[in-house]
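Have a look at the structure below, then the notes.
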Amino acid sequence: MKLSAFAIVASLVVALGLLVGPIFLSDYGRYILSMWIVMSIAAIGLNLTLGYAGQVSLAQGAFMGVGAYVSALMTIHGWPLPVAMLTSALVCLVLGWMLGYPALRVQHHYLAFVTLAFASLAFLIFRNEEWITGGVDGLANIPRPYFLWMATDGSLAFYYYCLGVLGLIALGYYGLVRSPWGRAFLALRENPVRAMSLGIDTRRYILVAFAIGSALGGVAGSLFAPLVQFVEPPAFAVDLSLKLLLMVIVGGSGFYFGPFLGALIAVLLPEWLRFTQGYYLMLYAFFVMLLLVISPSGILGIADKWITDRKTRVASAARAATASAFEETKQ
Amino acid sequence: MSKVLEVSNIQKRFGGIYAVNGVSFDVHEGEILGIIGPNGCGKSTLFNCILGQLQPTEGEVKLDGKVVTGLRPCDLNRLGVSRTFQLLQVFPQLTVRENLILAAQEHKGNMATRLIGKRDAGLTGDADQMIGFFKLAHLADERAGGLSYGQQKLLDAAMAFMSGPRLVLLDEPAGGVNLTMLENLKERLQAINKEQGATFVVIEHNMDFVMSLCTRVLVLAEGKVLAEGLPAEIRANPKVIEAYLGH
């Protein structure tokens, strides 16, 4: 079976599993899968900023927080979730664009610290500005949305709602990374000096990468709020940003499916390892360390290396065959 | 012939050291100007000052009579100025074709059409033509990182021509390229110069390559212009022989 055919069949099987599987799961199982969707969306955003455009960000958790609070406040006051979601995305888009400006001057770990400072600032606002965020008490009784006339109060209905949003985002994400923008992001990550000499306005693309990535963080947050139906500051502390970073890196930074896989591992693996009781976090940490030693480019990096090696071997064999045929013709 | 590029009294100082010290020259339309000189004489720094990679300490650069000093490289590229670097600068993860599409995509449409328009920005045909022109057709779908050094060097040069530039600055295009590839590269550059009327400025250490390709040669030494003239005049210039060419 050719690789492309394999990918199509695998995608269909996964899609079918996501549609049918949750019917047979408990409420908790559906909650975990919905959380995977939420984290996947946030990780997709970070993958665009970090994986494709090469801009380090430790603020994705903060954008999720902004999205969650904006959506919680709006839906509590009667606004429909789609409107709240768009507002969250827009607010985070603007904030992300602004956060992109430091990236025009600093890079790598310096940029990581700038974004970390933003994440800390956001956390302080969530905790201290009680008049709007509810402070340490957070915001409770966040309603779940209606889809057309149907309420999504049940775990299955809300799971499908989340899945629908993920489907739309996955399509847009696919179009983006395959468009000239995706190529420009990659050029920006690999070699910004050369990219600029080819007419690529690196400043503009850096800002765009931050803005889109942050907006997706906002969308993830606006699904998180009705999923948990309660938002509080600790949920969006710096460790969430680190967890999202881990998802992108473990899944495969700069690969389309990387965030989906990374989120799956980060959300599900601790659940699967629960039978080990107190050891599950240790095992999880050991697995992550082992993976990054074996393949710093994540799980999909292993697959990519295998495919590249295979293609190179085939191409080398073809070239050798052509060369020997040419030699025989000469004789 | 009109002047495409005018460089006036360019200086670039790093602390107390003048990497380029008052260099002036013009480049005329359709010309191939060679810039030679010993290592560290300021050739690449001069390129970087002209192309906006570095801000010159003093001096002025004009393109088609308009001052472009301090413009960003991407803005200059959109004005029709392209370049290659001393070290290879292809994108190893992309295929040969994708590298070429990337090299011209920003010249097509605007940000919005590049997002929602065709994936190849309508450049596959142009890329394939360029691939054929540089004799890389059998490698079109290979990742650039898997190509030999010489093939990557050809791709690097091809990328500089994808956007149809008027002026191309090539920094040591022959460095590390074997003789067969070098002949191929020279033929391609001459063809583009003749057929499209593109103007070149070439930094190079390979004297045979420079003397057979360039119509005029500028010699730099210690950040200053040591001599300027036809290739044959430069070969015979005693100052150039002493400072650079040797006996």
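Checked against the criteria, A:Ala122 does not count as small (Gly, Ala, Ser), closer than 24 Å to A:Arg204 by Cβ and surrounded by 15 or more Cβ atoms within 10 Å (Cβ to Cβ).
The number of residues in region B:86-100 that are farther than 17 Å from A:Arg189 by Cβ and either within 7 Å of another protein chain (Cβ to nearest Cβ) or of a type in the set (Gly, Ala, Ser) (or both) comes to 0.
The numbered conditions (1) more than 11 Å from chain A (Cβ to nearest Cβ); (2) within 25 Å of A:Ala209 (Cβ to Cβ); (3) not aromatic (Phe, Trp, Tyr) are all true for B:Cys41 except (2).
Residues are listed down the side, and each one gets a yes or a no for (1) buried (at least 20 other Cβ atoms within 10 Å of the Cβ); (2) facing chain A (nearest Cβ under 9 Å); (3) at pLDDT 90 or above:
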position	(1), (2), (3)
B:Ala104	yes, yes, yes
B:His107	no, yes, yes
B:Lys118	no, yes, yes
B:Thr124	no, no, yes
B:Gln129	no, no, yes
B:Gly146	no, yes, no
B:Gly150	no, no, no
B:Gly164	no, no, yes
B:Lys186	no, no, yes
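Can you pull out the helices (runs of 4 or more DSSP H) entirely within region A:201-294 that have at least 3 residues that are farther than 20 Å from A:Lys305 by Cα, over 11 Å from the mean Cα position of the chain (by Cα) and touching a residue at least 60 places away in the same chain (Cβ under 8 Å)? Write out each step before concluding.
Working: elements: A:202-228, A:238-251, A:258-272, A:280-294.
Where helices (runs of 4 or more DSSP H) fall fully within region A:201-294 and carry at least 3 residues being farther than 20 Å from A:Lys305 by Cα, over 11 Å from the mean Cα position of the chain (by Cα) and touching a residue at least 60 places away in the same chain (Cβ under 8 Å), they are A:202-228, A:238-251, A:258-272.
The residues listed here are A:Pro102, A:Pro143; of these, the one that is more than 26 Å from A:Ala266 (Cα to Cα) and either part of a strand (DSSP E or B) or touching a residue at least 24 places away in the same chain (Cβ under 8 Å) (or both) is A:Pro143. It is to be established whether one or more residues within region A:243-252 are under 18 Å from A:Leu281 (Cβ atoms) and surrounded by fewer than 21 Cβ atoms within 10 Å (Cβ to Cβ). Yes: region A:243-252 contains one or more residues that are under 18 Å from A:Leu281 (Cβ atoms) and surrounded by fewer than 21 Cβ atoms within 10 Å (Cβ to Cβ).
Annotation note: of A:Val136, A:Val165, the sole residue that is closer than 17 Å to A:Ser222 by Cβ and in a helix (DSSP H, G or I) is A:Val165. Every residue in region B:216-245 that is among the β-branched types (Val, Ile, Thr) and either open to solvent by less than 10 Å² (accessible area, probe 1.4 Å) or in contact with a His (Cβ under 9 Å, 6 or more places away or on another chain) (or both), please. Correct list: B:Val217, B:Val219, B:Ile234, B:Val240, B:Ile241. Inspect all residues belonging to region A:52-60 and state whether any of them is closer than 18 Å to A:Pro234 by Cα and of a type outside the set (A, V, I, L, M). So far as region A:52-60 goes, yes, one or more of its residues are closer than 18 Å to A:Pro234 by Cα and of a type outside the set (A, V, I, L, M).
Please report, ordered by residue number, the helices (runs of 4 or more DSSP H) entirely within region B:170-247 with at least 1 residues that are among the basic types (Lys, Arg), farther than 22 Å from B:Gln11 by Cα and touching a residue at least 24 places away in the same chain (Cβ under 8 Å).
On the way: elements: B:179-196, B:207-213, B:231-236.
Passing ranges, in order: B:179-196, B:231-236.
The values are calculated or read from the model by the stated rules, or taken from the named source; none is laboratory data. Worth saying up front: this structure is predicted, and the values here are computed from it rather than measured. Using ideal geometry, Cβ is built from the backbone for each residue, glycine included, and neighbour counts are taken over all protein chains shown. The accessibility values were calculated without ligands, DNA or RNA, using every heavy atom of the protein model including side chains. Shrake-Rupley method; radii C 1.70, N 1.55, O 1.52, S 1.80 Å.
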